[in-house]
Amino acid sequence: MRPPLVIAGAGIAGLALAAGLEHAGDAPPYVLLDERPALGSTGGAITLWPNALAALDAIGVGDDVRRAGHALGAGSVRTHDGRLLRSLDLARSAAALGGPLVAVRRGELVEILHARVRPGTVRLGVAARGYRVEHGGVTVLTDTDPVIGVALVGADGYRSEIARALHPQLPERYVGFPAWRGLADLGTRDGIEGVQIWGRGRELGIVPLGAHACYWFATAREPAGGAADDELDHLRAAFAGWPDPVDRVLAATDPAVVTRNDVMDRAVPRRWTDGPVVVIGDAAHAMRPHLGQGGCQALVDAAVLARLLHGTGSSAAGSPLAAFGAFEALRRRPAERVVRMSRAASRAVGAPTPVHRLSALVPDRLMLRSLARVAGTAAFPS
Ligand SMILES: Cc1cc2nc3c(=O)[nH]c(=O)nc-3n(C[C@H](O)[C@H](O)[C@H](O)COP(=O)(O)OP(=O)(O)OC[C@H]3O[C@@H](n4cnc5c(N)ncnc54)[C@H](O)[C@@H]3O)c2cc1C
């Protein structure tokens, strides 16, 4: 029997790749390994830009995700003292980007992708610890029996062991702030508008998820590794006095779903491939969260690689090695650009308030044009 394609990591990138292989038809045998004991996702919700929705369309689940999610309408950017920096008009941004952004609960996105994956192919509680290229294929090392594959896709996130095997001592450093995320249900029918509020080395964003629920994220300068006894109390103190609805949203948050992650700058591995091995998603190009593009780029990677593995795109002609080479050639530059843009966006958000006021002088038209290049429908390589 032909050895399977081994996908290390059943997160957004890994599941989307498997779903993409199934959608393309005549999928090769594959197996997904994930170190966690159960599938699912922490982190509340995720914002998907039109590039990611185009990728989801390419793997056949775009409409399922649109139905499960919430298309984002008007929103604004404000300073912590309530001053309006920019108001975002849905029609204009959708016209510039090729469609609206959609926010969806991460658990629902994972479920939609998982439903398209061949039953019995996900092996939970199995961590990939490295690999050996041998016998014309690859041996994936785990804590127990090795897994033999025709090829290996490292989709194991920003702590990727596969990326570290490709690039030992991959540089990484704490950027100076953690990111918190949560879900709130305000129980009102008034509707919530999307808003990002910036000030004093802090930021808090609120993303509507239907009539009365919302997803929020926050960053604030603090040492790494710290964890408050009660993160919500800690955040309510850190954001006290910020404009409505910040306190209402934090007060309506379920403490059990609040996550806190130290944000790291991890270098892009100097190579993404090693013969029958490739990395995708955060493993290939971890980035700061400020553009909301990490998961979007992971979905684009998965859709592109599924297409190349099917042999219908470029010159890959069905061979994993050729497909992996073509994948890196196609995806490295655009993904690195988004890594740089995300870092720049993060620095701008963390800048003093006068810089925020200056940023408001950039016309919407220019801002949208630059975002469309990396996150619009046209940024998905069709
Ligand atoms: C605060 C914050 C907000 C964000 N907001 C957005 C947003 O709005 N929009 C957006 O597009 N992106 C956003 N992101 C980024 C996004 O979450 C990631 O880029 C995305 O999850 C990457 O997908 P992935 O599949 O590459 O990695 P992951 O989703 O991390 O999946 C990796 C999988 O591999 C498994 N794994 C790890 N190690 C191993 C191993 N050794 N062996 C086997 N399995 C392993 C893990 O259990 C996991 O299931 C945000 C990130 C943060 C921190």
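Once phi is turned into θ = phi - 60°, what whole-Hz ³J(HN,Hα) does the Karplus curve with 6.51, -1.76 and 1.60 give for every residue of region 121-128, x standing for Gly and Pro?
Going residue by residue, I get 9, 9, 10, 8, x, 10, 9, 7 Hz, with x marking Gly and Pro.
Could you calculate the FRET efficiency of ASP63 with THR121 from 1/(1 + (r/R0)^6), where r is the beta carbon distance between them and R0 is 25 Å, rounded to 0.05?
On the way: r = 24 Å, r/R0 = 0.95.
E between ASP63 and THR121, to the nearest 0.05, is 0.55.
Mind pulling the angle between the C-alpha long axis of helix 320-350 and the longest principal axis of the chain? Nearest 10 degrees, somewhere in 0 to 90.
Orientation of helix 320-350: about 20 degrees from the principal axis.
Note down the Stokes-Einstein diffusion coefficient of region 1-77 in µm²/s, whole number, using a Kirkwood radius over alpha carbon pairs, 25 °C, and 0.890 mPa s. Please list the in-between numbers first.
On the way: Rh = 14.5 Å.
The Stokes-Einstein estimate is 169 µm²/s.
What number, rounded to the nearest 500 deg cm²/dmol, is the helix-based mean residue ellipticity at 222 nm of the chain, given -39500 (n - 2.57) per DSSP H run of at least four residues and division by all its residues? Don't skip to the end; give the middle numbers.
Values: 13 runs with 137 residues, N = 382.
Value at 222 nm, helices only, nearest 500: -10500 deg cm²/dmol.
Across all directions of projection, what mean area in square nanometres is found for the Cα convex hull of the chain?
Values: hull surface 72.9 nm².
Result: a mean projected hull area of 18.2 nm².
From the phi of every residue in region 151-162, what ³J(HN,Hα) in whole Hz does the Karplus formula 6.51 cos²θ - 1.76 cosθ + 1.60 yield, where θ is phi - 60° and glycine or proline is x?
Those phi angles translate into 6, 10, 10, x, 10, 9, x, 6, 8, 2, 6, 6 Hz.
Using a 7 Å offset from the Cα along the Cα-to-Cβ direction at both SER87 and SER382, what is the distance between the two label points in nm, to one decimal?
In this crude label model, SER87 to SER382 measures out at 3.4 nm.
Applying the Karplus parametrisation 6.51 cos²θ - 1.76 cosθ + 1.60 with θ = phi - 60° to the phi angles of region 229-235, what ³J(HN,Hα) value in whole Hz is obtained for each residue in order, glycine and proline being reported as x?
4, 10, 4, 5, 4, 4, 6
Modelling each spin label as a point 7 Å along the Cα-to-Cβ direction, I'd like the ARG270/ALA71 distance in nm, to one decimal.
Between ARG270 and ALA71, the label points sit 4.8 nm apart.
Helix 106-115 against the longest principal axis of the chain: what's the angle in degrees, Cα atoms only, rounded to the nearest 10?
Taking Cα atoms only, the helix is inclined about 30 degrees.
Using amide H atoms built 1.01 Å from N in the peptide plane, name the residues 5+ places from ALA179, or on other chains, whose amide H lies under 5 Å from its own.
When sequence neighbours closer than 5 places are left aside, the close amide H contacts are ASN261, ASP262, VAL263.
Using modelled backbone amide H atoms (1.01 Å from N, in-plane), which distant-in-sequence or interchain residues come within less than 5 Å of LEU85's amide H?
HN-HN under 5 Å from LEU85: VAL77, ARG78, THR79.
Using 1/(1 + (r/R0)^6) with R0 = 30 angstrom and r between the beta carbons of HIS135 and ASP26, what's the FRET efficiency to the nearest 0.05?
Details: r = 25 Å, r/R0 = 0.82.
So, using R0 = 30 Å, E works out to roughly 0.75.
If packing is taken as the average number of other Cβ atoms within 10 Å across a peptide's residues, how do 370-381, 278-289, 60-71 rank, most packed first?
Details: 370-381: 19.3, 278-289: 27.7, 60-71: 17.7.
Packing proxy ranking, top to bottom: 278-289, 370-381, 60-71.
Using only the alpha-carbon atoms, how far is helix 294-309 inclined from the longest principal axis of the chain? Give it as 0 to 90 degrees, nearest 10.
Compared with the principal axis, the helix lies near 20 degrees.
Return the Rg/Rh ratio of region 203-261 with Cα-based radii and a Kirkwood Rh.
Numbers: Rg = 11.5 Å, Rh = 12.2 Å.
Rounded to two decimals, Rg over Rh is 0.94.
Each value in this text was obtained by applying a stated rule to the coordinates, not by laboratory testing. Predicted model only: the values in this text are computed from it and were never measured. Because the Cβ atoms are built from the backbone with ideal geometry, glycine has one as well, and the counts that use them run over all protein chains shown.
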